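The values are calculated or read from the model by the stated rules, or taken from the named source; none is laboratory data. Keep in mind the model is a prediction, meaning the values are calculated, not measured. Here the Cβ is made from the backbone with ideal geometry for all residues, glycine too, and neighbour counts use every protein chain on show.
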Amino acid sequence: MKELTIGTLAKTAGVNVETIRFYERKGLLLKPPKPEEGYRRYPLQAVQQVHFIKGAQRLGFSLKEISELLSLGLEGAVSCTEMRELANRKIEEIDQKIIALEIMKTTLAELAEECPGAGDLSLCPIWERMANIKERKEVSYMAKRKVEVFTAGCPVCTDLVDLVKATACPDCEVTVYNLNQGQGADEAKRYGVTAVPAVVVEGKLLDCCKRTHPTEHDLKAAGIGQPLK
């Protein structure tokens, strides 16, 4: 077998067909020309390319970074030294995110300690802090678009998780629940999730989840990937 149909490529690479099409739209995979008869055929190297994309995503690289890496790799213009430098820069980015999360955690812990836990809401320091945040820097730590993904841990669910994370921007806080592992059962019931995979944005189940699996268009229409104003 020297060439693959899109269905065979998806199955061999362990993704679904929509993921292949998504990568094509993003310029990560070259879309073969369609012959006059039959189906488009992908080279065997496309399987390794899909594995590379998914592996890089799991290590925290953005689709733009992955696209640049693929282009440089195909041109033979990237070295092991450059890859190590890129990894070190990514580590620095992750460290900055960890610092931001630690600040959030410390701030919330201090506010929770000060909160009396009973009485009028006006006495609650947590509420007061949220109502009086003025600096944009602090807002960036506290205000996030809440995105929840409900899965069963299957390949289709994993592909949707990858799609959500790839579409999301820094203003999106993505939480993934695996219902088969007992995660998010109460939340799923509250949102009316009856089938997986499903996506909830700011406490609202996407309408498309009641009919079919969400697409990139559905996610963007729900605000995922758009910076908060």
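From GLU18, GLU36, GLU68, which residue is assigned to a loop (DSSP other than H, G, I, E, B) and out of contact with any helix residue (DSSP H, G or I) (no Cβ under 6 Å at 6 or more places or on another chain)? Spell out the reasoning first.
Details: GLU18 fails: assigned to a loop (DSSP other than H, G, I, E, B); GLU68 fails: assigned to a loop (DSSP other than H, G, I, E, B).
When all the criteria are applied, what remains is GLU36.
Determine, yes or no, whether ALA168 is out of contact with any Gly (no Cβ under 9 Å at 6 or more places or on another chain), farther than 24 Å from LYS11 by Cβ and surrounded by 13 or more Cβ atoms within 10 Å (Cβ to Cβ). First the steps, then the outcome.
Values: out of contact with any Gly (no Cβ under 9 Å at 6 or more places or on another chain): no; farther than 24 Å from LYS11 by Cβ: yes; surrounded by 13 or more Cβ atoms within 10 Å (Cβ to Cβ): yes.
It is false that ALA168 is out of contact with any Gly (no Cβ under 9 Å at 6 or more places or on another chain), farther than 24 Å from LYS11 by Cβ and surrounded by 13 or more Cβ atoms within 10 Å (Cβ to Cβ).
How about the range 1-53: which of its residues are basic (Lys, Arg) and touching a Lys or Arg at 6+ places or on another chain (Cβ under 8 Å)?
First, pick out the residues of the range 1-53 that are basic (Lys, Arg): 2, 11, 21, 25-26, 31, 34, 40-41.
Within the range 1-53, LYS31, LYS34, ARG40 qualify.
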Report summary line: Counted residues in the range 97-122 being among the aliphatic types (A, V, I, L, M) and either under 18 Å from GLU173 (Cα atoms) or part of a loop (DSSP other than H, G, I, E, B) (or both) come to 8
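Matching residues to (1) under 18 Å from the mean Cα position of the chain (by Cα); (2) at pLDDT 90 or above; (3) farther than 13 Å from VAL147 by Cβ:
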position: GLN181; (1), (2), (3): no, no, yes
position: ALA188; (1), (2), (3): no, yes, yes
position: VAL193; (1), (2), (3): no, yes, yes
position: VAL196; (1), (2), (3): yes, yes, yes
position: THR212; (1), (2), (3): no, no, yes
position: THR215; (1), (2), (3): yes, no, yes
position: GLY223; (1), (2), (3): yes, yes, no
position: LYS229; (1), (2), (3): no, no, yes
Query - Per-region count, the range 1-27, residues within 19 Å of LEU160 (Cβ to Cβ) and loosely packed, with under 14 Cβ neighbours inside 10 Å - result: 2
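Output the residues belonging to the range 134-154 that are modelled with pLDDT of 85 or more and surrounded by fewer than 17 Cβ atoms within 10 Å (Cβ to Cβ).
LYS146, ALA152, GLY153, CYS154
Residue check: is LYS54 surrounded by 14 or more Cβ atoms within 10 Å (Cβ to Cβ), in contact (Cβ under 8 Å) with a residue 40 or more places away in the chain, at negative phi and charged (D, E, K, R)?
Details: surrounded by 14 or more Cβ atoms within 10 Å (Cβ to Cβ): yes; in contact (Cβ under 8 Å) with a residue 40 or more places away in the chain: yes; at negative phi: yes; charged (D, E, K, R): yes.
It is true that LYS54 is surrounded by 14 or more Cβ atoms within 10 Å (Cβ to Cβ), in contact (Cβ under 8 Å) with a residue 40 or more places away in the chain, at negative phi and charged (D, E, K, R).
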